[in-house]
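Before any comments, here is the structure.
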Amino acid sequence: MLAKFCDRYDLGEDEYQNMKRIKDDMEKTFSVDDYSVNGRYIHGVFATGTYGTGADHIDTEEDKIKRNARSPVDAVVLPYYFLFALPENDTERGLLILQKIGNKGTKGVVEEILKHWLELGDKKGNVEFDPEVTEDLIKQILEADRLLELKFTKKQSSKATHEVVSDLLSDVIDEEGFLEQKIIFSGTRTSNLPIAKEKLSEALFNKETTSVKVLGQEFNQGSLKAEVNGSQRTFSLFQDEAEMERLIDEEKDDVDLDANKHPTMESISEIAIEFANEIFDKYNEEPIDQ
C-alpha cells in the first residue's frame, strides 16, 4: 500500500509535478523525492517545505544580500529520510522511522497526507502513529553510559505565567497568547546527571504517574536524555510507552553528505535499518536485510 502512496506523490520526470499543497492552514507542501522497495521494507526521501512568509537571501561567501529573494508563495523544501518496515509475524502493525532536522520533521505532514490519500481511494481506515514501545526501557537507562538531561515541559497561557513570575518579567510577557514552559536539569560537560537510576521506573516511567510538581508548578510532559552505547536517545516520561530517537553524528556514524550538505539516502539507510532491527529484536521479529 505504501508503495502505491509513494508512486502517487513521486516527483516524476517533471520536477515537483506532483508536489501537493497540504491544508492552507498548515502552509506546507509534500512530495516523495525518491523511494525503493526492498522485500519487507520501503525507504526513501520525503520532500516537504513551508511557505507563507517571504525572506531575503544572503550569499555568505560574497557577503551579498538579495532582497525579497523568496516570496510568501515560495516553499523552502528539505529532504527527510523515511523507512517503513513490516514485521514478519504481526500483520496489524508497521514500523515507521522518520528523520528530523533539528526541530523540523514530517510526522504531521505525513499523517495528514496519508489520511487524505485514504479518503481519495477505496482504502478505509484510520492512520495512527504510536510511539515505539521498548520492553527493556528501564534496563537501557540503568545500563546507560551517561544520563544527560531531565526536562519537564508544559503549555500554558501567558496570563497564567504572570502569576508565577516577577513583576519585572511580567512587564515583558504579554497576557495574551500561549507559551511553553520548560525546566531542565542537566549534568556538566564532564559529569553525569546526579540521578538515582533505580528510582526512575517508579517515579517517572509509571503509567499511574501523569505529572510532577517542580518549584510549586505541575508539569505533565517530560523527557530523559541518555547516552546508550555511544548514541544519544530520548525517552518520554509519564507513560509506559516511551518514544525513542536515534541521534545521528555525521562523523561518528560515517554519514555521506550531498552537495547541499544533506545526508545521502544510502548512508542514512544503514543507520535506520540497524535501528529498525534493534526494535524488531525486542519483539522477537525477524530482522530486515541490510
Quick test for you: out of Glu61, Glu92, Glu27, Glu88, pick the one residue that is at positive phi and of a type outside the set (Val, Ile, Thr). Glu27
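So that you can scan it fast, the table gives a plain yes or no per residue for (1) modelled with pLDDT under 90; (2) in the same structural domain as Ala196 (by the TED database); (3) of a type in the set (A, V, I, L, M):
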site	(1), (2), (3)
Gln217	yes, yes, no
Gln221	yes, yes, no
Leu224	yes, yes, yes
Ser231	yes, yes, no
Phe235	yes, yes, no
Ala259	no, no, yes
Glu270	no, no, no
Ala276	no, no, yes
Asp289	yes, no, no
Name every residue in the range 189-203 that is at pLDDT below 80 and of a type in the set (Val, Ile, Thr), in order of residue number. Thr190
Is it the case that the range 181-195 has a residue that's among the basic types (Lys, Arg), surrounded by 15 or more Cβ atoms within 10 Å (Cβ to Cβ) and assigned to a strand (DSSP E or B)? no
Looking at Phe30, is it at pLDDT below 90, assigned by the TED database to the domain that holds Phe84, within 29 Å of Thr264 (Cβ to Cβ) and assigned to a strand (DSSP E or B)? yes
Could you check, for the range 250-259, whether at least one of its residues is open to solvent by 50 Å² or more (accessible area, probe 1.4 Å), closer than 28 Å to Asp34 by Cβ and touching a residue at least 40 places away in the same chain (Cβ under 8 Å)? no
Could you run through the range 49-64 and say how many residues are in contact (Cβ under 8 Å) with a residue 24 or more places away in the chain and part of a strand (DSSP E or B)? 2
Of the numbered conditions (1) at pLDDT 80 or above; (2) surrounded by 14 or more Cβ atoms within 10 Å (Cβ to Cβ); (3) under 30 Å from Asn229 (Cβ atoms), Lys154 fails exactly one; give the number of that condition. (3)
Can you tell me which of Glu266, Glu278 is open to solvent by 70 Å² or more (accessible area, probe 1.4 Å) and in a helix (DSSP H, G or I)? Glu266
Confirm whether Thr106 is at pLDDT 80 or above, farther than 17 Å from Arg233 by Cα and assigned by the TED database to the domain that holds Gln221. no
Among what's in the range 65-95 and is more than 25 Å from Asn260 (Cβ to Cβ) and outside any loop (DSSP other than H, G, I, E, B), pick the residue that is least open to solvent (accessible area, probe 1.4 Å). Ala85
Would you check which residues across the range 112-133 are in a helix (DSSP H, G or I) and either modelled with pLDDT of 80 or more or open to solvent by less than 30 Å² (accessible area, probe 1.4 Å) (or both) and list them? Ile113, Leu114, Leu118
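The values are calculated or read from the model by the stated rules, or taken from the named source; none is laboratory data. Keep in mind that what you see is a predicted model, and the values were worked out from it rather than measured. All Cβ positions, even for glycine, are placed from backbone atoms using ideal geometry, and neighbour counts span all protein chains on display. What goes into the accessible areas is simple: the full protein's heavy atoms, side chains included, and nothing from ligands, DNA or RNA. Shrake-Rupley method; radii C 1.70, N 1.55, O 1.52, S 1.80 Å.
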